[in-house]
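Q: Here it is, the structure in full.
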Amino acid sequence: MDLSLLKKRKRLGILCAFCCIVLFVSLLDGLLARFRQNPHEFHVLPGSEIPVMGPLPHDIKNLELLKVSIHPDNGVGFAFVGTQSGYWLGGTFWRALVEVPKRVPEGKYIITVSAPFPYDKKPLGVFTIWVHENPRAIQKTSLSLFRRYLGLNPWFIFSATFGIVFLLGGWLFLVSSRMEKILKEEGIGEIYRVLVDKEQNRTYVLFSIGKNSGISEKDSLEVIDTNGKVVASVEVKELFENDGVGLLLEANSKIKPGLFIRKGKGFTNLERLT
């Protein structure tokens, strides 16, 4: 008996679920890495240039009045390049460029920008520059697990996985639609939900055949597995055009979504699910 369509839907469902997990994990990883990242901390290689900015007191017009200290001073350069207005909260910001020489020693560099009196109580900006010897060393410091251990951008993983989930979801929909059409032609429905009423000790099943399949309320239906074996019986309690609800009367095994249901005994051609 060839049930390749059933197997294909199951494999697609598992693959789609796995991709959804990767999608969620990559999104969470990217967001957490971004929120945890200190905007004033940089991990770079020798020979890099880093644009930085900070608030500028409203009555300071000359950037040469600002003081810059670099510790340790091993040739790391700092040059103001201009000012700009704030995008959201207004105000004025100074802009500068940090230049890391190609032969600068590895390590931690602290750059502090301060204003003259009376604005010298609090620095206008404190930046931490970590200089590493190679890209692998920078990768190890990443707050993103994807980037740190796999060398992959979590946002790239998120975008790629989102596209894969979209394609797999469409494919799964087509396979399921074809299965449903074949099953209805055979007078067979599929159980898509099982509800347990613990207070009355009853189990109800929701299935995908209804009045248009020639069944009526209080009809007795058979639950069959993918091999065509009867595993339970159900009495129809509520019926709609394309769906129904039934009370489970007896079962030889655990009833779960994915099993099939039909009226009485008859021909079950599951071989068409190919």
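The values are calculated or read from the model by the stated rules, or taken from the named source; none is laboratory data. What you are looking at is a predicted structure, and each value in this text was computed from that prediction instead of being measured. All Cβ positions, glycine included, derive from the backbone under ideal geometry; neighbour counts span all protein chains shown. SASA here: full protein model, heavy atoms, side chains in, ligands and nucleic acids out. Shrake-Rupley method; radii C 1.70, N 1.55, O 1.52, S 1.80 Å.
Q: Lysines within cross-link reach of Lys108: Cα-Cα under 19 Å, excluding same-chain residues under 8 positions apart?
A: Hits, sequence-local ones excluded: Lys140.
Q: So how far, in whole Å, is the C-alpha centre of the range 2-75 from the one of the range 154-194?
A: Distance between centres, Cα-based: 34 Å.
Q: Further, regarding this structure: Could you tell me the distance between the Cα centroids of the range 205-264 and the range 100-142, to the nearest Å?
A: 69 Å
Q: How large, in percent, is the carbon and sulfur part of the accessible surface of the chain at a probe radius of 1.4 Å? Please report the intermediate quantities before stating the final value.
A: Values: 9830 of 17180 Å².
Roughly 57 percent, rounded to a whole number.
Q: To the nearest 20 debye, what is the magnitude of the charge dipole of the chain about its Cα centre, counting +1 on the Cβ of each Lys and Arg and -1 on the Cβ of each Asp and Glu?
A: Working: 35 positive and 27 negative charges, 89 e Å.
Charge dipole, the chain, about its Cα centre: 420 debye, nearest 20.
Q: Is the range 25-99 rounded, prolate or oblate when judged by the Cα gyration tensor, a ≥ b ≥ c being the square roots of its eigenvalues, rounded requiring a/c under 1.5 and prolate requiring a/b larger than b/c? Walk me through the intermediate numbers first.
A: Numbers: a/c = 2.84, a/b = 1.30, b/c = 2.19.
Taking the square roots of the gyration eigenvalues as a ≥ b ≥ c, the range 25-99 is oblate.
Q: Tell me, what is the per residue accessible area of the chain in Å², probe radius 1.4 Å?
A: Values: 17180 Å² over 274 residues.
Accessible area per residue: 63 Å².
Q: Still on this structure, please answer the following. Using a basic spin-label model with each label point 7 Å from the Cα along Cα→Cβ, how many nm lie between Arg178 and Phe162?
A: A separation of 2.9 nm, rounded to one decimal place.
Q: With point charges of +1 on the Cβ of Lys and Arg and -1 on the Cβ of Asp and Glu, referenced to the Cα centre of the chain, which listed residue (Gly189, Gly210, Val236) lies farthest in the positive direction of the dipole?
A: Final value for the positive-end residue is Gly189.
Q: Additional query: State whether the range 126-179 is rounded, prolate or oblate according to the following rule on the C-alpha gyration tensor (a ≥ b ≥ c being the square roots of its eigenvalues): a/c under 1.5 gives rounded; otherwise a/b larger than b/c gives prolate, and the remaining case gives oblate. Show your work: numbers first, answer last.
A: Numbers: a/c = 6.23, a/b = 4.01, b/c = 1.55.
Prolate, because a/c is 1.5 or more and a/b exceeds b/c.
Q: What are the semi-axes of the equivalent ellipsoid for the chain, taken as the square roots of 5 times the Cα gyration tensor eigenvalues, largest first, in whole Å?
A: Details: eigenvalues 954, 88, 47 Å².
Semi-axes from the Cα gyration tensor: 69, 21, 15 Å.
Q: What are the equivalent ellipsoid semi-axes of the range 117-262, built from the alpha-carbon gyration tensor (square roots of five times its eigenvalues), in whole angstrom, biggest first?
A: Values: eigenvalues 687, 82, 50 Å².
Values for the range 117-262, descending: 59, 20, 16 Å.
Q: Using only Cα atoms, find the angle between the long axis of helix 4-36 and the longest principal axis of the chain, and express it within 0 to 90 degrees, rounded to the nearest 10.
A: Value to nearest ten degrees: 20.
Q: While we're here: Given charges of +1 on the Cβ of Lys and Arg and -1 on the Cβ of Asp and Glu, with all other atoms neutral, how large is the dipole of the range 35-193 about its Cα centre, in debye to the nearest 20?
A: Numbers: 17 positive and 13 negative charges, 40 e Å.
Dipole of the range 35-193, to the nearest 20 debye: 200 debye.
Q: If you average 1/r over all unlike Cα pairs in the range 151-205 and invert the result, what Kirkwood radius do you get in angstrom?
A: On the way: mean 1/r = 0.0672 Å⁻¹.
Result for the range 151-205 stands at 14.9 Å.
Q: Then there is this: Let's test the formula: R0 of 30 Å, r as the Cβ-Cβ distance of Lys229 and Arg202. What FRET efficiency results, to the nearest 0.05? Intermediate results must be reported in sequence, preceding the final value.
A: Details: r = 24 Å, r/R0 = 0.80.
Given R0 = 30 Å and the Cβ-Cβ separation, E is 0.80.
Q: Once the Cα gyration tensor of the range 210-266 is diagonalised, what are the square roots of 5 times its eigenvalues, in whole Å and ordered largest first, as equivalent ellipsoid semi-axes? Walk me through the numbers before you get to the answer.
A: Values: eigenvalues 67, 27, 21 Å².
Each semi-axis is √(5λ); the values are 18, 12, 10 Å.
Q: Please give the peptides 106-113, 251-258 ranked by average Cβ packing (other Cβ atoms within 10 Å per residue), highest first, as a rough proxy for protection.
A: Highest mean packing first, the order is 106-113, 251-258.
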